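J.: This is the structure, below, for whatever I ask next.
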Amino acid sequence: MIEIGNRCRRQPPPPRVVFEALAEPGRDPYRPWLLLLGDEQCPRILTSTPPAELTWSSLWRRRPDAVVRFQLERSADGGTDLRWILHVEEPAPDESLVGHMRRRLNQLINANLRYTFGQ
């Protein structure tokens, strides 16, 4: 597999809370954050090591080979440094699709999820 995207951002809650939100994205119906587009599907958990790592299956129907790995580390302020890493099988998608996939992960994780924590 090849890496086509990687980003780390701080989330306010501790790793345990962020891990639970990633592991069960629909658990709080009053604060939905995994808002999927028409070309996307709900991911399955492929691997997990609570509360430090979690791997999702693909969000994208046209790239079912894609996987998203999350690494969670406690930050100095007690929150979480959350990194997502996007991998696909070769051949890599064209730059347009790579950009779309990166933007979507960034929107879902570093905006939607973050906003559910009050940020």
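The values are calculated or read from the model by the stated rules, or taken from the named source; none is laboratory data. All figures in this text were calculated on a predicted structure; none of them were measured in a lab. All Cβ positions, glycine included, derive from the backbone under ideal geometry; neighbour counts span all protein chains shown. With ligands, DNA and RNA removed, areas are computed over all heavy atoms of the protein, side chains included. Shrake-Rupley method; radii C 1.70, N 1.55, O 1.52, S 1.80 Å.
J.: Got a number for residues in region 1-14 being open to solvent by 30 Å² or more (accessible area, probe 1.4 Å) and under 24 Å from PRO64 (Cβ atoms)?
T.: Quick first cut of region 1-14, residues open to solvent by 30 Å² or more (accessible area, probe 1.4 Å) only: 1-3, 6-10, 12, 14.
Add one more test, that the residue is under 24 Å from PRO64 (Cβ atoms), and what stays is 1-3, 6-7.
Adding up the residues that qualify gives 5.
J.: Now, a different point. Within region 85-119, work out how many residues are free of Cβ contacts under 8 Å to residues at least 12 places away in the same chain, open to solvent by 30 Å² or more (accessible area, probe 1.4 Å) and assigned to a helix (DSSP H, G or I).
T.: At the first step, the residues of region 85-119 found to be free of Cβ contacts under 8 Å to residues at least 12 places away in the same chain are 91, 94-96, 99-100, 103, 107, 111.
If we keep only those that are open to solvent by 30 Å² or more (accessible area, probe 1.4 Å) as well, we get 91, 94-96, 100, 103, 107.
With the extra rule that they be assigned to a helix (DSSP H, G or I), the set shrinks to 95-96, 100, 103, 107.
Going through region 85-119 one residue at a time, the tally reaches 5.
J.: Of everything in region 15-31 that's in a helix (DSSP H, G or I) and not acidic (Asp, Glu), which residue is most open to solvent (accessible area, probe 1.4 Å)?
T.: Among those residues, the one meeting the criterion is ARG16.
J.: What is the one condition in (1) closer than 22 Å to PRO15 by Cα; (2) aliphatic (A, V, I, L, M); (3) under 11 Å from the mean Cα position of the chain (by Cα) that ALA76 does not satisfy?
T.: Against the list (1) closer than 22 Å to PRO15 by Cα; (2) aliphatic (A, V, I, L, M); (3) under 11 Å from the mean Cα position of the chain (by Cα), ALA76 comes up short only on (3).
J.: In region 32-51, what residues are open to solvent by less than 70 Å² (accessible area, probe 1.4 Å) and at pLDDT 95 or above? If you could, list the steps in order and put the result at the bottom.
T.: Taking region 32-51 first, the residues open to solvent by less than 70 Å² (accessible area, probe 1.4 Å) are 33-34, 36, 39-41, 43, 48, 51.
Matches in region 32-51: TRP33, LEU34, LEU36, GLU40, GLN41, PRO43, SER48, PRO51.
J.: Oh, and also: Quick one: LEU82 ticks every box in (1) part of a loop (DSSP other than H, G, I, E, B); (2) open to solvent by less than 40 Å² (accessible area, probe 1.4 Å); (3) in contact with a Leu (Cβ under 7 Å, 6 or more places away or on another chain); (4) of a type outside the set (S, T, N, Q) bar one, so which box is it?
T.: (1)
J.: Could you list all residues from region 77-119 that are under 11 Å from GLY5 (Cβ atoms) and of a type in the set (S, T, N, Q)?
T.: Scanning region 77-119 gives a single hit, ASN106.
J.: What number of residues within region 65-75 are more than 17 Å from VAL17 (Cβ to Cβ) and open to solvent by 10 Å² or more (accessible area, probe 1.4 Å)?
T.: In the first step, residues of region 65-75 are kept if they are more than 17 Å from VAL17 (Cβ to Cβ); the result is 65-69.
Next cut, open to solvent by 10 Å² or more (accessible area, probe 1.4 Å) only: 65, 67, 69.
The qualifying residues number 3.
J.: Criterion first (open to solvent by 70 Å² or more (accessible area, probe 1.4 Å), at pLDDT 95 or above and among the aliphatic types (A, V, I, L, M)) does LEU54 satisfy it? Steps first, please.
T.: Working: open to solvent by 70 Å² or more (accessible area, probe 1.4 Å): no; at pLDDT 95 or above: yes; among the aliphatic types (A, V, I, L, M): yes.
The answer is no for LEU54.
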